[in-house]
Structure formats: structure tokens, C-alpha cells
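The values are calculated or read from the model by the stated rules, or taken from the named source; none is laboratory data. Nothing here was measured: the structure is a model prediction, and the numbers come from that model. Cβ sites come from the backbone with ideal geometry, for glycine too, and all protein chains shown count toward neighbours. In case anyone asks, the SASA skips ligands and DNA or RNA and just uses the protein heavy atoms, side chains included. Shrake-Rupley method; radii C 1.70, N 1.55, O 1.52, S 1.80 Å.
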Amino acid sequence: MNASSAGRAPESGEQLLRWVETLGWRGRLVPIARLHDLREAVAGRHVRGELDESLYQEQLAVLASQAVDPAEATTILVVAVPTSPMRVSFLWRGARIPAVLPPTYVSHRPRTRNVQEVLSGWLDRAGFRSSAPELPLKTLAVCSGLAEYGRNNVSYVPGMGSYFQLVGLFCDVPWREDSWRTPKMLDRCARCDICRDRCPTGAIAEDRVLLHAERCITLHNESESDFPDWLQPSWHSCLFGCLRCQDRCPENGRVRSWMTDRAEFSEDETALLLRRGDPRSLPAALAAKLAELGLSFDSRLVGRNLAALLEAREQRC
């Protein structure tokens, strides 16, 4: 953290949030004491089955590492930044094969660092301290009132739908309000089954507002394990993640058309990925292209998922 903010007016928090909105973003400030409640909220998600054991332990470890001196940080800032899905193309056997990455995968780390730098710059110029922690941002967003859960356990922000990325900062901006609340589901979801009908694996249940994580395609195309036998190739729709439960969601009506076309992979590059060889043997240019796209996954997973998309395309043709 940097400069001191002693004696600054509580209105500074309101000024910060208004400035965030001028950028087309949305933000919330919550007292630093809510870190304890954030831990409890993560534990509650685990009890309800929304977090598998490995992700739960990972988030607990992240929270445990956040040692905060109240004299240094008094508030947590969480910001949602609108982000479009990204389409990349793979040349293969004379055809151009499109593949989509949902917004949460789009150059995630570089994008997050950039947003953090913009936010920290404003705080620094205003004389406030700030630092960039690792936090379970989705849980923080819904508990702060910035976002609400959908039936599909995806979070939604007004005006952005589910097409956004979250960024968090510790800071010492004075803030008197406390918007902390029990996570809330969108009112629309009580009378809508579109996401459940769109999910090919049955991960979104009719009898509970709770995702069957073990049935979610996203879990399996991020895992290093082989795809389970029940997962049909035709169900794959994205290179990583899955947009089936989001792309027809009424909450995404205003943002559904958002799409950014990015990289194109040559036939040779596509063939190298499909071979799923040692990632260390990839040509430097190909490795750099993957890194620029924010694909921090093992390139063998990229190749495996690409092969599934190609098989799905062949079945549709």
C-alpha cells in the first residue's frame, strides 16, 4: 500500500463509485470486517454443494492468506467490468473452425491487472492506500449486492448480464454504508426454465436452485482427467467453459450479441495442438499466441477440447 488517507471525508467512497460508473463499470464497497462473513459464505456454498472439495479448499487457502491490518485497509472494493466473449478460429482441412471462449476466460489475467492499475491509480491520486488481494470474487459480488445468482449459479450484474469480469482491491477509502446481504437469486429465475432446458447434461436441476457441478461441462473441460463416457461430443460448444445456459438467458438480452474476434490458428498450429504433445515443445510463436489469449491451461487440454469441438462439428454436418 502507498499513501496515507487519514482524515479523508466519507464522501470519497461515493466519489469513487461514481467515477467507476463513468467508465461503464459497476462497483461496491464493503467494510473490511466482512472478510469473516465472506469466509462463512464460502463455507455455506460448500455445505450446499455449490463448491466441490478441491475448489472449497483452494478458496479457504486464499482467504486464510489475506492478513489485513485494519490500520492499512478499511474497505473492500469489488468492480464488475463488461467483457465480451471471444471467438478464435482454427484452420483445419481447408475449413475455418470457430471456437468461443466465455467472458470469464478472455485474457483474464492481463485484463484484471489492467483494471487493478486503473483503480489503484485513482486511489493513489486521491491519497488512498490500495492493494490487490486474491478473493472469491463471485461470492463477494453477490454478498455485496453488486450481482445476483441465476438458477444456473452464474452471477449477473444489471446492464452486463453474465458478460463481465470481477476485480477486487483492499483500500482505505472511508465508507459508512454496508450493503452485505444473504446471496439472492434473480426474481426472473423463479418463473423461467430456459437455462435448465438449454443444459444438455442435466446439471441445472428443476427441484433445487443448486448446480449439479459433477454434471457441468465446464468442470470437465477444465479438468486434466479424461471426459466421462456419458459426456457426448455434440454437447461441447466452447473451447473452455460453456455458454449454453447463458446465451439464451433473458438477463443477457442486451449483451447476447457481444463478441470479439481475435486470433486465427494456422493448419500447422492446429495440428500441433491436436497432437497434445509436451507443452514445452510448442513453437515460441504458438505458445505466445495462447498466452496472449489468456489460455493459461495446459496446451494438451486445449488440444483435447479442440478435438471434441471438431468431432461435434462433424456430427452436425
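For Ile97, nonlocal amide neighbours, meaning residues 5 or more places apart or on other chains whose placed amide H falls under 5 Å from its own, are Phe90, Leu91, Trp92. Using a probe of 1.4 Å, the accessible surface attributed to Trp92 totals some 60 Å² when neighbouring protein chains are kept in position.
What translational diffusion coefficient, to the nearest whole µm²/s, does segment 85-199 have by Stokes-Einstein, given a Kirkwood radius computed over alpha-carbon pairs, a temperature of 4 °C and 1.567 mPa s viscosity? In µm²/s, the coefficient rounds to 76.
Using heavy atoms of the protein chains and a probe of 1.4 Å, the accessible area assigned to His236 is about 10 Å². Per residue, the convex hull spanned by the Cα atoms of segment 179-247 measures out at 132 cubic angstrom. Considering only Gln116, Gly127, Asn152, the residue lying farthest towards the positive end of the dipole of segment 86-202 is Asn152, judged by Cα position with unit charges set on Cβ.
Computed 3J(HN,Hα) for segment 165-173, one whole-Hz value per residue from the Karplus formula 6.51 cos²θ - 1.76 cosθ + 1.60 where θ = phi - 60°, is 10, 9, 9, x, 9, 8, 8, 10, 5, glycine and proline marked x. Grouping the Cα pair distances of segment 155-297 into 10 Å bins from zero gives a pair-distance distribution of 8, 28, 31, 23, 9, 1 percent in increasing distance order.
The trypsin sites (Lys or Arg not before Pro) of segment 164-244 that DSSP puts in a loop, and whose beta carbon has at most 12 other beta carbons within 10 Å, are Arg176, Arg181, Lys184, Arg208. Normalised Debye scattering of segment 248-287 at q = 0.18, 0.22, 0.23, 0.35 Å⁻¹ gives log10 I(q)/I(0) of -0.62, -0.71, -0.74, -1.18, counting only Cα atoms as equal scatterers and leaving out solvent. A 1.4 Å probe run over segment 127-239, with the rest of the protein chains in place, finds 43 Å² accessible per residue.
Here the Kirkwood formula, the inverse mean of 1/r across different C-alpha pairs, assigns segment 222-317 a hydrodynamic radius of 15.0 Å.
Ranked from largest to smallest solvent-accessible area, with a 1.4 Å probe on the protein heavy atoms, Leu119, Leu274 come out as Leu274, Leu119.
Over every Cα atom in segment 156-198, the radius of gyration and the widest Cα-Cα span, Dmax, amount to 15.4, 46 Å.
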